[in-house]
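Report on the structure given below.
The values are calculated or read from the model by the stated rules, or taken from the named source; none is laboratory data. Computed from a predicted model, the values in this text were never measured in an experiment. Here the Cβ is made from the backbone with ideal geometry for all residues, glycine too, and neighbour counts use every protein chain on show.
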Amino acid sequence: MAPLNIIIVGAGIAGPAAAIGLARNGHHVTIYERSTTGQEVGYAFRITPNSDRCLKHLGIDTIAGGAVPANNLRIYNSQGDLITEANENTDPEMAKKATSVFAYRPQLVKQLMDAALSSGVEIKTGVKITSVNVDNTSLTLDSGATVSADLIIGADGLHSAIRPAIIDSTTHFPKRTADQNAIRFMLPRAILQNDPTMSPLVSGDLTMFSWIEGPAIIIVYPVEHGTLFNVTLCHPAHLSDQEANKEQDSATATSYNNKVSFETVRDVHNGWDPRAIRLLELADPDGFRIWKMMDMDEIPRCSRNRTALVGDACHPVLPHGFSGASMAIEDAITLAEFLERDVDGEEIPALLELYEDVRKPRVARVRERARESAVGGGVEGRAEYMQFLAGHDAVRFAKERLAEYKRERA
Ligand SMILES: Cc1cc2nc3c(=O)[nH]c(=O)nc-3n(C[C@H](O)[C@H](O)[C@H](O)COP(=O)(O)OP(=O)(O)OC[C@H]3O[C@@H](n4cnc5c(N)ncnc54)[C@H](O)[C@@H]3O)c2cc1C
């Protein structure tokens, strides 16, 4: 069989991850990305062992790239009383195979893009896709040109331009299910270390600390070889909606770059532990960014004919489960496993349906868990959930399901 000509829309996380696997299978892969830097969405996230396992399969070593193992975690209430402490990655042999890390998004995107390029993927940046035709598997670019392929993968995030061609976007669209906003900023370790109030928190081997009160939470963790701290503040939307509601133009709608004032950030945390307030005071007052947190109910289908959705385009989840990027990476790996080197082009629609069957139940559980955590739940059954989340081997699971599919078709 001839290799497939595959177009991927979006070079965030899911796009390049899928591209690497598919190109290594021998397919010709082109990515179209509207941003010119390929790193439009900044900040950081946690990579749990399930997705670290997938990244290792793609040849990506997150720790070599600067990610920090999530070893020692400490959680306080808003008054600064210790609620819980946990140690993860305690088994060094297990950690070699897959570990839980905090990764700086621009760095992980760079690692993925470098690996995609060296796998032969063509990457076209500064090109926005304006529409897709799922009947003839073609895309219209912002230049007005049309391109066609054997398969189109929509990896274009929360506000996907591909999704409306697959499902009815008047009934299925991202929503503010938890009614919360997130504020983010970064702080150099040196600033925290030189501050007498904060230095005890960052001088030892603590790798994440957090304050939590009902649905409001402050999460702090290091990235970039420990030189930078990522801070995320989630809270009820009414406390900061005035600034979150400021007009965002569509080109930057996923860049989360609405500014929010220090005064708002401080007022949201009025009366909290003085260390939490000090953290805010030490930040660059121009560096606070806010956005509305959204997820989406399960959509009836993730593919149509020879066009499929992956990652946030298909199933945005609330960040409370630390799993959006992880689910995007698992989707990418699954698709790449199903679209083997010698795949028959006629089988693409059936294989895309298999991809949906495999991914939907897992993502549904992750979505529900993140929703529970957003309202202060997610504590009960944590060990069992973490086993479900982190213990999953997406490559092995996809291989088993593909073998089953082939047996049934034989
Ligand atoms: C506050 C917060 C915290 C988070 N924390 C975590 C965490 O700890 N762990 C975790 O796993 N996940 C986390 N996530 C989620 C994670 O960031 C996303 O799930 C992940 O980025 C999704 O990857 P993606 O590739 O599907 O989409 P994206 O990363 O959004 O990438 C989409 C790409 O498509 C491009 N694009 C969009 N439209 C077009 C178009 N029309 N034409 C061409 N290109 C286009 C965009 O420029 C972008 O590069 C968090 C999210 C938030 C908001």
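When you look at A23, is it modelled with pLDDT of 95 or more and within 25 Å of L151 (Cα to Cα), yes or no? Judged against the criteria, A23 is a match. Pairs linking a residue in region 272-286 that is on the phi < 0 side of the Ramachandran plot to a residue that is of a type in the set (S, T, Y), with Cβ atoms under 8 Å and 6 or more positions apart or on different chains, are W272/S78; D273/Y76; D273/S78; P274/T197; R275/T197; A276/S78; R278/T197; P285/S261.
Counting residues that are crowded, with 19+ Cβ neighbours inside 10 Å, which strands (runs of 3 or more DSSP E) fully inside region 92-161 reach at least 3? Can you show your working first?
Numbers: elements: 101-104, 122-125, 129-133, 138-141, 146-148, 151-154.
Of the strands (runs of 3 or more DSSP E) lying wholly inside region 92-161, those with at least 3 residues that are crowded, with 19+ Cβ neighbours inside 10 Å span 101-104, 151-154.
Pairing residues of region 4-32 that are assigned by TED's automatic domain parsing to the domain that holds I348 with residues that are within 13 Å of the ligand (Cβ to nearest atom) and of a type in the set (F, W, Y), at Cβ distances under 6 Å and at least 6 apart in sequence or on separate chains, gives V9/Y32. Pairs are defined by a Cβ separation below 9 Å, a sequence spacing of at least 6 or placement on different chains, a first member in region 78-105 that is on the phi > 0 side of the Ramachandran plot, and a second member that is surrounded by 11 or more Cβ atoms within 10 Å (Cβ to Cβ) and part of a strand (DSSP E or B); the pairs so defined are G80/W211; N89/P69; N89/V101.
Filtering I63, I83, I75 for residues that are among the β-branched types (V, I, T), exposed (fewer than 14 other Cβ atoms within 10 Å of the Cβ) and outside the structural domain of G324 (by TED's automatic domain parsing) leaves a single hit, I83.
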